[in-house]
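Enquirer: Can you keep this structure in mind? I'll have questions shortly.
The values are calculated or read from the model by the stated rules, or taken from the named source; none is laboratory data. These figures come from a predicted structure and were not determined experimentally. Methodologically, a virtual Cβ is constructed for each residue, glycine included, from the backbone with ideal geometry; neighbour enumeration extends over all protein chains shown. Protein only, heavy atoms only, side chains kept; ligands, DNA and RNA dropped before computing areas. Shrake-Rupley method; radii C 1.70, N 1.55, O 1.52, S 1.80 Å.
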Amino acid sequence: SYQGFQRMNTTCYLINGRTATGVPTHYGVAACNPHLGECAEIYTLEGEYLGLFEIVDTGSAPGLVAGENIDIWQESMEAAQEWMSFTGGQCYVKFVKGVG
């Protein structure tokens with residue numbers, strides 16, 4: 001693994017509405033254990049950059065609570081399937097402080 005990164009399971013969610021912190025759902029937000037960081041840099045296992053995601057949702061699934069999973073918001077089932085196909089359900093994540 002890369003220094004400062006952890007390998008995590010990645011999943012997707014499609015719920016439209018507001019996140020646990022009140023932010024409207026949109027691409028670029030993720031659900032994860034909020035104690036891990038404010039934002040997450042995500043890469044494929046091959047090292048391809050997927051983006052910077054704000055941790056503004058928590059989710060209640062055991063893997064999210066335990067900090068083993070990160071759940072990326074997607075706008076459609078097709079987008080979620082593409083993400084899962086591209087990542088294989090695993091990614092490298094580096095948690096960072098908020099930017100901007």
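Enquirer: Taking Cα pairs under 8 Å and at least six residues apart, what relative contact order does the chain come out at, in percent? The partial results should precede the final answer.
Expert: Details: 211 pairs, mean separation 43.2, N = 100.
It rounds to 43 percent for the chain.
Enquirer: Further question on the same structure: Add -39500 (n - 2.57) for each DSSP H run of 4 or more in the chain, then divide by its residues: what number comes out at 222 nm, to the nearest 500 deg cm²/dmol? Display every interim value, and only then the final one.
Expert: On the way: 2 runs with 16 residues, N = 100.
Result for the chain, helices only: -4500 deg cm²/dmol.
Enquirer: A follow-up question, please. Let me check I've understood the local charge: for LEU64, count other residues with C-beta under 14 angstrom from its C-beta, Lys and Arg +1, Asp and Glu -1. What total comes out?
Expert: Details: positive: none; negative: ASP57, GLU68, ASP71.
Around LEU64, the surrounding residues sum to -3.
Enquirer: While we're here: With P(r) over Cα pairs in 10 Å bins from 0, in percent in mind, check (1) 17, 54, 27, 1; (2) 15, 38, 33, 12, 2, 0; (3) 18, 52, 24, 6, 0 and report the label derived from this structure.
Expert: Here P(r) over Cα pairs in 10 Å bins from 0, in percent agrees with entry (1).
Enquirer: Over the Cα atoms of region 23-67, what radius of gyration and what Dmax do you get, in Å?
Expert: Here Rg and the maximum Cα pair distance are 11.0, 31 Å.
Enquirer: While we're looking at this one, here's another question. Determine the sum of side-chain charges near TYR27: Lys and Arg each +1, Asp and Glu each -1, restricted to other residues whose C-beta is under 11 angstrom from that of TYR27. Spell out each step's value before the answer.
Expert: Working: positive: none; negative: GLU54, GLU75.
So the surrounding residues net to -2.
Enquirer: What residues of region 30-66 lie in the reach of a label at ALA79, counting those whose backbone N is under 20 Å from a point 7 Å from the Cα along Cα→Cβ?
Expert: Counting only backbone N, you get 30-32, 39-44, 49-59.
Enquirer: Quantify, in whole percent, the carbon and sulfur part of the accessible surface of the chain (1.4 Å probe; protein heavy atoms only).
Expert: Values: 2880 of 5640 Å².
The C+S portion of the solvent-accessible surface of the chain is 51 percent.
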